[in-house]
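The values are calculated or read from the model by the stated rules, or taken from the named source; none is laboratory data. Everything quoted here is computed from the prediction, not taken from an experiment. A quick note on method: Cβ atoms are made from the backbone with ideal geometry, for glycine too, and the neighbour counts reach across all protein chains shown.
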Amino acid sequence: MNVAIVGGSGYTGGELLRLLIRHPKVEVTQVTSDSLAGKAVGRAHPNLRKVTDLTFTPHGDLEPCDLLFLAMPHGNSMGRMREFLGRAGKIIDLSADFRLKDPALYPEYYGLDHPQADLLPKAVYGLPEIHRDEIRDATIVAGPGCVAAAAILAVRPLAKAGLIDTERVVVDAKTGSSAAGADGGPASQHPERSGVMRLYAATGHRHTAEIEQEAWRVYRQAYGTDPFVRIVVEASGLYRLPEPKILAGTNFCDVGFALDEHAGRVVAVSALDNLMKGAAGNAVQCMNLVAGYPETMGLEFIGLHPV
Ligand SMILES: NC(=O)c1ccc[n+]([C@@H]2O[C@H](COP(=O)([O-])OP(=O)(O)OC[C@H]3O[C@@H](n4cnc5c(N)ncnc54)[C@H](OP(=O)(O)O)[C@@H]3O)[C@@H](O)[C@H]2O)c1
């Protein structure tokens, strides 16, 4: 299958390239960037030096292909989706432009009116663990946000099983600086921002055996056969609950939970690499579904430890 990437000089574009260049069923035909047009892709992504001869082409020179990944900042694909559909039969958009079904939410959350709102119903929310069958037949797949993916995968089994009061859900999400993109602005200029984040004690009380057993059951039912969601709840040891550091470069989302008997609260914990299961890896997983390839193809990296 011939695929192209629009916005390939950014962080998710780099991860898409890293995955797709080694994908056995895919040829990357074009990668676009205006700022680096004509330059080798290694200029933006030094890990790809001597791995590929691809050079960036200007955004305006996009040629037809089988499947197109859009990796541009929010607001750039919403007005151009018809144009992109004219270039490729299948689109996987990593931005927020086609994630929301209700057009009225775009001015509220993104400060923009959606210019092609009639296409929103065509787009499938690209989280395979929830919409696997719809993704297989989709023309437009809207990749979820990284925080949304982590939060949904952690909380959904509990909500579905009726084990929690959905009015009282609190999502406390932490993410690395790469989530802001290569052009993240002054707020991202923090050389020490990356590193370890470890949740030491989610609750201070003993677990309630039956509730814990019930929570295990719903997570197993929800993710037992999902290749990229692992349930991580250990009674002892260093890695008792999900941790992002060991997931770097992998397509796993680790989910776990702890129960606070006294507060009547379950603390659901999830971790993922925002550029992988939170963006490019998940997009390649969706591509595999769209194309009928094995879902895990090209996503086999199992991570490093110690890192
Ligand atoms: N970073 C994450 O962890 C993450 C996770 C999930 C989803 N996403 C979403 O994925 C998308 C890409 O994120 P990113 O982190 O890769 O961003 P990024 O590092 O800032 O890269 C943005 C890319 O878009 C291109 N671009 C900018 N304006 C454009 C325009 N008007 N037309 C065409 N291309 C344009 C840039 O190309 P030039 O070289 O020409 O400037 C660059 O290649 C965003 O919508 C983001 O919200 C990101």
Those residues of the range 89-127 that are in contact with a helix residue (DSSP H, G or I) (Cβ under 7 Å, 6 or more places away or on another chain), within 15 Å of the ligand (Cβ to nearest atom) and outside any loop (DSSP other than H, G, I, E, B) come to a total of 7
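Filter the range 1-28 for residues that are part of a helix (DSSP H, G or I) and more than 6 Å from the ligand (Cβ to nearest atom); which is surrounded by the most Cβ atoms within 10 Å (Cβ to Cβ)?
Leu16
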Picked from the range 81-124 (must be in contact with a Cys (Cβ under 9 Å, 6 or more places away or on another chain) and of a type in the set (A, V, I, L, M, F, W, C)), the residue farthest from Gly181 (Cα to Cα) is Ala88
Of (1) more than 16 Å from the ligand (Cβ to nearest atom); (2) of a type in the set (A, V, I, L, M, F, W, C); (3) buried (at least 16 other Cβ atoms within 10 Å of the Cβ), Ala263 satisfies every one except (3)
Flagged pairs (Cβ under 6 angstrom, 6 or more apart or on separate chains; first in the range 124-148, without any contact (Cβ under 8 Å) to a residue 60 or more places away in the chain and within 18 Å of Asn251 (Cβ to Cβ); second more than 16 Å from the ligand (Cβ to nearest atom) and outside any strand (DSSP E or B)) are Tyr125/His131
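Return the residue satisfying two criteria in turn: it lies in the range 135-150 and is more than 14 Å from Leu289 (Cα to Cα) and part of a helix (DSSP H, G or I), and of such residues it is nearest to the ligand (Cβ to nearest atom).
Cys146
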Counted residues in the range 170-179 being near the ligand (Cβ under 7 Å from one of its atoms) and farther than 15 Å from Ala149 by Cα come to 1
Val31 meets each of (1) hydrophobic (A, V, I, L, M, F, W, C); (2) out of contact with any Gly (no Cβ under 9 Å at 6 or more places or on another chain); (3) at pLDDT 95 or above with one exception, condition (2)
With the first residue restricted to the range 169-187 and required to be more than 30 Å from Leu259 (Cβ to Cβ), and the second required to be at pLDDT 80 or above and within 13 Å of the ligand (Cβ to nearest atom), Cβ contacts under 7 Å at 6 or more apart or on different chains are Ser178/Tyr11; Ser178/Asn274; Ser178/Leu275; Gly181/Gly10; Gly181/Tyr11; Gly181/Pro73; Ala182/Gly10; Ala182/Tyr11
Scanning the range 29-52 residue by residue, the ones that are under 21 Å from Val284 (Cα atoms) and in a loop (DSSP other than H, G, I, E, B) total 5
Result of the Cβ filter at 7 Å on the range 34-58, keeping first residues that are more than 11 Å from the ligand (Cβ to nearest atom) and partners that are assigned to a loop (DSSP other than H, G, I, E, B), at least 6 apart or interchain, is Gly42/Arg49; Thr55/Gly38; Thr55/Lys39
